[in-house]
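K.L.:
Starting off with a structure, shown below.
The values are calculated or read from the model by the stated rules, or taken from the named source; none is laboratory data. Bear in mind the structure is a predicted one, so any value in this text is a computation, not a measurement. In this analysis, Cβ positions are derived from the backbone assuming ideal geometry, glycine residues included, and neighbour counts consider all displayed protein chains. Accessible surface areas use protein heavy atoms only, side chains included; no ligands, DNA or RNA. Shrake-Rupley method; radii C 1.70, N 1.55, O 1.52, S 1.80 Å.
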Amino acid sequence: MFLRLEMLLGEGCCRGYCGTGKQQYPIQCQKDLQTHVFAAGNASRGRVLYGVLRNWNGDYRVSELIQNLPVVALRGMTVLPDMVIHFDVSRERSVHAIEQAMLREQRLFLVTQKNVQTENPGLEDLYRIGTIASVKQVIKLPHNILRVLAEGLERGELSHLELDGDYPEAEVIRFEEEPESLAPDICEAMIRSLKETFHTYCQESGKTGKELERQMGEIEELSRLMGQLMIHLPFHYEEKQKLLEAASVSERFELLGTLMNKEIGIMRFKRELQEKIKARVDKNQREYLLREQLKVIREELGEDTSGTDADHFQEALDKLRASKEVKEKIGKEITRFKNIGSNSSESAVIRGYIETLLDLPWEKTSRDSTDLKRAEEILNADHYGLEKVKERVLEFLAVRTLTKKGSSPILCLVGPPGTGKTSIARSVAKALNKKYVRICLGGVRDEAEIRGHRRTYVGAMPGRIAAGMRQAGVKNPLMLLDEIDKVSSDYKRDTSSALLEVLDSEQNSRFQDHYVELPLDLSEVLFIATANDTQTIPRPLLDRMELIEVSSYTENEKVHIAREHLIGKQMEKNGLKEGQLSLSLKALETLIHSYTREAGVRQLERKLGEVCRKAAREILEQNKKSVRLTESNLSRYLGKPKFVFDMANETDEVGIVRGLAWTSVGGDTLQIEVNIMPGKGEISLTGMMGDVMKESARTGLSYIRSVSGNYGIDKEFYQEHDIHIHIPEGAVPKDGPSAGITMATAMLSAITEIPVYASVAMTGEITLRGRVLPIGGLKEKILAAKSAGIKTVLVPARNKRDVEEISAEIRKGIRIVYVEQMKEVLEAAFHDH
C-alpha cells in the first residue's frame, strides 16, 4: 500500500491519496508521518482503510492497522510466522483472550514477555514485535488449562495495549519489512550460504533428520528458506525474538547466519569435551579392570598383596621412636588410608603425608663426638685461620661433654665472600660427628618455604626446615642456613619473620610446620647461619644469633691457604700428579698480590686452576715431566698483572692526603685531593661521593673555619675562594663518614699550603668540634695501608681495642697512632705544625 502526498494544508496537515492495486482513495491526516493513524476512502461505499503512515528512508508507506486483537503474553517462547505450535494457557486473562478470539474470526496477537516471572505484564513488559496468529484448535484440560493449537500468520507491531477489561486487547500494526532491492546473484549467494551452513549444522548435530535437510534444500525462495530455518532450528526464545524483529531481509540473513555458526561452534566444543571425558573414563575403567585381573592372578598364585602399603606403614609405625601424640596421629592417617580406595585422588595425598611423618626423626639422635683433640685437628686440617669460629665450636663441645646436655648455639658467621664461611660449617659437622644439612635462603620470599604449605593446597609440601630434618634422619644435625641476609620479602609476607621461631632456643622445641601439623623439636639442632652483611638482617632476627666476624685474609694467610689446600686440590682436579707442578714462594706471592684483589680466596683458586690447566697442556704437548712457575715466567701463564696497588707518594705534597676505605673485597686506599681557586666561596665535591661523605666534607670545612684564627687565615678567604675536593676513580661509588678527618686535613693543607707527610694514612669520622669518632673495617684498612707502603696510620683512639685484636703479623712494620682530636691529627700529619 503506497501513499502519495500532493500538498501540505497548513501547519501539521497533509493531503494525498493511497492505493491498493487499481483502487485509489483520498486521505487527509496529521503531519506526524511516523506513527499517526489515519482513515482514507469512501465511507458510504464501505471502503475505509485504517492504517499508519511510515517513513522508510524518504519513501512514505502505509501499514494497515488491524484493531482490537486479543493478546496472549507468552512466557519463554516466541511464535514465528508459518509456525504451527501447541501451547498451554493457564492465566485467567489469557484464557479469556483465547475465548474472545474464538468469537472474533479466531485471530489473536501472540507476543513474548521480557521476564518470564512477571505474572500480569503491561505494555513495558512485552516486546513490541509479535505474531498475528490463527487459532486452529482449543482443548480444555483439568485445572482450567487450555491447550491451544495456533498457526502464525504474519508479524505485527504492538501499537497500543488496553488492560481494563477481562482480557488484554491491542491495536496491532501489520509489520512490513524495509523495502530492499537485492540482485538475483546476491539472493542466490545468500540461499547457498544458508544451505551450506545448515548442512554443516546437521552433520555436527546428528539429531536433524535427513528429510528436513532435503526439504530445506528444495526451497529456492530466500524469505521462505529463512522462515523455515527459524522455525526448525532450536534457538533460544530471545534469539528468535531478535530474528522476528529484523526489519530487512539482509539483517535477518546476517543474524540467522551468526546464530547458526554459533550453534555449530558450541556443538563442536561440546563434542571435544565429551571425547576427552570419554577417553578419561575409558582409561580409568581399563586401569580398574587391569588391577582387578592382577589381584585375581596374585590370589591364584598365593601372592595377595591387598593392603600391602597400609601394612608396611603400620610396621614402620610400630618401629618408630616417637611420642604418643605423634603415633596416634599417624595411626589415624593409616586408618583413613585403608578406608579410601586406591583410585581416589586423596589416596596419593594421604600416602605422601604418612611417608613424610614416618621419615621425620622424632626421637632419633646421632651420638656426637666428645674428643676435643680430634675435633681441633679436623678443624685445623680443613681450614687455615678462622680462630674465633674454631674456638667457639670447641667451647660448645667442652660444655656438652661436661653437662651431657645443653641447648645448641645459634651462630652467624659474617664476612666477605670467599672467606670459608660455608665450608667451615661442613668441617664443624665432621669434627662433631653430626649429620650435615645445607639450606640456601638466598632469594626465598615466601613464608611457606620455611613453614610449609597447608595440606588443603594441591601439591602441598613440608617447609625447608622440616625437609632438612627429614633429609638428616636425626633430630640433632648441623643445619647451615646459607645466605641468611639474602632473604627477601614483599608487601604480602615476610620470610624473615618465619625464621624467628626457628632461631629462638626458647621456642624452637615445638616448631610448627603447616604441612606436618605436629610440633617438631629443633632445640638440639646446631644452627650455623652465614651472611655477607648484617645491615639487611632484621634486628629481631639478628638478636637471636651469636655473631662471629670472619674477616679478610692477609696475603700471608692466602699463601698458607694456597700451599696447604688450594694447590693440591686444583692439581687433583686437573689430573696433575704430585711433582708435576711446583710454584716458588715468590711466584705465589706475586700471583696473590698482582693477579687477585679480594677478601677471600675464590679468585685465587680460579687463577691456580688456570695455571694447572696450562701446565697440563704443556706436559702433554711438550712431553715435559714437570712444570715450575717462578716470578719471572708467571706472566707467560697468566698474562700481564691485572692489579697495581696505588703506592704511597714519594714526596710530601700540599692538599693531598691518603685515606683508608673498606670494600666488600677488602680494604683500599683513597688519595684525596683538594684545590683552592679564586671564586665566590663555593665548595665542589667530585668523585661519585655519597650523601654521608658529602656531609662529612662540609662538617670538616665548618671545623676548619672555626679554627682559622689559629692558622692565620684571613676572614674574607672563604668568601673569595672556591674549594674543590676530588677523590680519584670517579666511576666507583664512595660513601661513609670514615674519610672525615682525611678531607679536613687535605682542605687545611691546601688553604695553609702546609705539606702532608706522604707516608701517613688516616681514617676516622670528624665532628663540628673536631672530635674523632670510631669507625669499622679496621683490619682491612690496615692491610690496605701495608700493601700501599704506608708507614704511619692514624686511627681513632676508641678503636684501640679493635687494633689489639688484629694479629701481630698484620701490624708488623706499621706505626699506629691513636687520635682523639683533630689537633692531634694535624700534629702527626703536617710538616711544621
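K.L.:
Place +1 on the Cβ of every Lys and Arg and -1 on the Cβ of every Asp and Glu in the stretch 98-189, take the dipole about the Cα centre, and give the residue among 110, 126, 150 whose Cα lies farthest towards its positive end.
P.N.:
Farthest towards the positive pole: 150.
K.L.:
Leaving out ligands, DNA and RNA, and with a 1.4 Å probe, what % of the accessible surface on the chain is carbon or sulfur? Kindly include the intermediate steps, with their values, before the conclusion.
P.N.:
On the way: 21150 of 44490 Å².
Answer for the chain: carbon and sulfur cover 48 percent of the accessible area.
K.L.:
Follow-up. For the chain, calculate the relative contact order in percent as a whole number, restricting contacts to Cα pairs under 8 Å that are 6 or more residues apart.
P.N.:
Values: 1457 pairs, mean separation 51.9, N = 833.
Normalised by residue count, the contact order of the chain is 6 percent.
K.L.:
Suppose R0 equals 56 Å. What FRET efficiency, 1/(1 + (r/R0)^6) with r the Cβ-Cβ distance, do residue 401 and residue 716 give to the nearest 0.05?
P.N.:
With R0 = 56 Å, the Cβ-Cβ based efficiency is 0.15.
K.L.:
What accessible area, in Å² to the nearest ten, does a 1.4 Å probe give for residue 202?
P.N.:
Surface accessible to solvent at residue 202 totals approximately 10 Å².
K.L.:
Of 421/486; 680/734; 577/624, which ones are farther than 18 Å apart at the Cα?
P.N.:
Long pairs (Cα-Cα over 18 Å): 680/734.
K.L.:
Which entry is the computed P(r) over Cα pairs in 10 Å bins from 0, in percent for this structure: [x] 2, 11, 19, 22, 20, 15, 8, 3, 0, 0; [y] 2, 9, 11, 11, 10, 8, 8, 8, 9, 10, 9, 5, 1, 0, 0; [z] 2, 10, 12, 10, 9, 10, 11, 11, 10, 9, 5, 2, 0?
P.N.:
[y]
K.L.:
Something else: When the Karplus curve 6.51 cos²θ - 1.76 cosθ + 1.60 is applied with θ = phi - 60°, which whole-Hz ³J(HN,Hα) does each residue of the stretch 266-274 get, with x for Gly and Pro?
P.N.:
Result, ordered by residue: 5, 5, 5, 5, 4, 5, 4, 4, 5 Hz.
K.L.:
For residue 815, enumerate residues with amide H under 5 Å from its amide H, sequence gap 5+ or separate chain, H modeled in the peptide plane.
P.N.:
792, 793
K.L.:
Pairs 390/558; 327/364; 242/262; 430/558; 779/800: which exceed 20 Å Cα-Cα?
P.N.:
Working: 390/558 18 Å; 327/364 14 Å; 242/262 15 Å; 430/558 24 Å; 779/800 12 Å.
Going by Cα-Cα distance, 430/558 fall outside the 20 Å limit.
K.L.:
Would you be so kind as to identify which of 552, 531, 503 lies farthest towards the positive end of the dipole of the stretch 503-557, taking Lys and Arg as +1 and Asp and Glu as -1 on Cβ and the Cα centre as origin?
P.N.:
Of the candidates, 503 comes out farthest on the positive side.
K.L.:
Quick check on packing: order 573-580, 761-768 by the mean number of other C-beta atoms within 10 Å, highest mean leading.
P.N.:
On the way: 573-580: 13.6, 761-768: 24.2.
Ranked by mean Cβ neighbours within 10 Å, highest first: 761-768, 573-580.
K.L.:
Residue separation times 0.36 nm, minus the C-alpha to C-alpha distance between residue 547 and residue 136: what's the value?
P.N.:
On the way: separation 411, 0.36 × 411 = 147.96 nm, distance 9.91 nm.
Length difference between fully extended and current span is 138.1 nm.
K.L.:
Enter the angle in degrees (range 0 to 90, nearest 10) between the Cα long axis of helix 778-787 and the first principal axis of the Cα atoms of the chain, meaning the one along which they spread out most.
P.N.:
Here the helix axis deviates by roughly 60 degrees.
K.L.:
Taking amide H positions as placed in the peptide plane 1.01 Å from N, state which residues far from residue 154 in sequence (5 or more) or on other chains have amide H under 5 Å from it.
P.N.:
It is 132, by chain and number.
K.L.:
Going 7 Å from the Cα of residue 815 toward and past its Cβ, which residues in the stretch 792-806 have a backbone nitrogen under 15 Å from where you end up?
P.N.:
Label zone hits: 792-795.
K.L.:
Moving on. With every protein chain kept in place and ligands, DNA and RNA left out, what is the accessible area per residue of the chain? Probe 1.4 Å, answer in Å².
P.N.:
Numbers: 44490 Å² over 833 residues.
Ligands and nucleic acids excluded, the figure is 53 Å² per residue.
K.L.:
May I ask you to rank 349, 326 by accessible area, largest first, using a 1.4 Å probe over the protein chains only?
P.N.:
Details: 349 75, 326 5 Å².
Largest accessible area first, the residues go 349, 326.
K.L.:
Hey, rough spin-label estimate for residue 224 and residue 523, points 7 angstrom out along Cα→Cβ, what's it come to in nanometres?
P.N.:
9.7
K.L.:
Something else now. Loop by DSSP (not H, G, I, E, B), at most 15 other beta-carbon atoms within 10 Å: where is the longest site-free stretch of the chain for chymotrypsin sites (Phe, Trp or Tyr not before Pro)? Working shown, then result.
P.N.:
On the way: sites that count: 457, 491, 643, 645.
Formally, the longest exposed-site-free interval is 1-456.
K.L.:
Moving on to the next point. At 0.36 nm per residue, and after removing the present C-alpha to C-alpha distance, how many nm does the segment from residue 297 to residue 707 gain when stretched out fully? The partial results should precede the final answer.
P.N.:
Details: separation 410, 0.36 × 410 = 147.60 nm, distance 10.38 nm.
Residue separation times 0.36 nm, minus the Cα-Cα distance, leaves 137.2 nm.
K.L.:
Moving on to the next point. For the pair residue 332 and residue 823, what calculated FRET efficiency results from E = 1/(1 + (r/R0)^6), where r is the Cβ-Cβ distance and R0 = 56 Å, to the nearest 0.05? All intermediate terms of the calculation are to be shown ahead of the outcome.
P.N.:
Numbers: r = 79 Å, r/R0 = 1.41.
In this case the efficiency is close to 0.10.
K.L.:
What ³J(HN,Hα) values, in whole Hz, does the Karplus curve 6.51 cos²θ - 1.76 cosθ + 1.60 give for the stretch 123-139 when θ = phi - 60°, with x put for Gly and Pro?
P.N.:
So the Karplus estimates, Gly and Pro as x, are 4, 6, 8, 10, 5, 7, 9, x, 10, 7, 10, 10, 7, 9, 7, 10, 10 Hz.
K.L.:
Now for a separate question. Which order, highest average first, do 520-526, 750-756, 256-262 follow once you tally other Cβ atoms within 10 Å for each residue and take the mean per peptide?
P.N.:
Working: 520-526: 21.3, 750-756: 19.3, 256-262: 16.7.
The peptides rank, most packed first, as 520-526, 750-756, 256-262.
K.L.:
Another question, if that's okay. If you wrap a convex hull around the alpha carbons of the stretch 127-167, what volume per residue comes out, as a whole number of Å³?
P.N.:
Numbers: hull volume 4.1 nm³, N = 41.
Taking the convex hull of the Cα positions in the stretch 127-167, it is 99 Å³ per residue.
K.L.:
While we're on this one: In the stretch 86-143, which GluC sites (Glu not before Pro) fall in coil by DSSP and have 12 or fewer other Cβ atoms within 10 Å?
P.N.:
Here the GluC sites (Glu not before Pro) that fit, given the DSSP loop and packing criteria, are 105, 119.
K.L.:
Same structure again: Helix 691-706 sits at what angle to the longest principal axis of the chain, using alpha carbons and giving 0 to 90 degrees rounded to 10?
P.N.:
Approximately 50 degrees, to the nearest 10.
K.L.:
Using θ = phi - 60° and the Karplus form 6.51 cos²θ - 1.76 cosθ + 1.60, what ³J(HN,Hα) does each residue of the stretch 747-754 get, whole Hz, x for Gly and Pro?
P.N.:
Computed from phi, the couplings for the stretch 747-754 are 5, 5, 5, 5, 6, 8, 6, 9 Hz.
K.L.:
Now for a different question. GluC sites (Glu not before Pro), restricted to the stretch 180-274: which are DSSP loop and have at most 11 other Cβ atoms within 10 Å? Numbers along the way, then the final one.
P.N.:
Numbers: sites: 180, 188, 196, 204, 211, 213, 218, 220, 221, 238, 239, 245, 251, 254, 263, 272; in loops: 180, 220, 221.
Passing sites in the stretch 180-274 are 180, 220, 221.
K.L.:
On to the next question. Working from Cα positions, state the angle (0 to 90°, nearest 10) between the long axis of helix 308-319 and the longest principal axis of the chain.
P.N.:
That works out to roughly 30 degrees.
K.L.:
A further question on this structure: For residue 363 and residue 315, FRET efficiency with R0 = 22 Å and r from the beta-carbon atoms, rounded to 0.05? If you can, show how the numbers build up before the last one.
P.N.:
Details: r = 18 Å, r/R0 = 0.81.
Computed FRET efficiency for residue 315 and residue 363: 0.80.
K.L.:
Name the residues whose placed amide hydrogens come within less than 5 Å of the amide hydrogen of residue 438, ignoring near sequence neighbours (fewer than 5 apart) on the same chain.
P.N.:
480
K.L.:
Quote to one decimal, in nm, the extra length available between residue 372 and residue 677 on full extension: 0.36 nm per residue of separation minus the C-alpha distance between them.
P.N.:
Details: separation 305, 0.36 × 305 = 109.80 nm, distance 6.73 nm.
Here the segment from residue 372 to residue 677 would lengthen by 103.1 nm.
K.L.:
Students sometimes get this wrong: rank 555, 176, 729 by accessible area, probe 1.4 Å, all chains present, largest first.
P.N.:
Values: 555 70, 176 45, 729 125 Å².
Sorted by accessible area, descending: 729, 555, 176.
K.L.:
Would you list 226, 571 from the most to the least accessible area, probe 1.4 Å?
P.N.:
Working: 226 0, 571 20 Å².
Per-residue accessible area, sorted high to low, gives 571, 226.
K.L.:
Quickly work out the residue 248-to-residue 99 label distance, labels modelled 7 Å from Cα along the C-beta direction, and quote it in nm with one decimal.
P.N.:
Going by the 7 Å Cα→Cβ label model, 4.7 nm.
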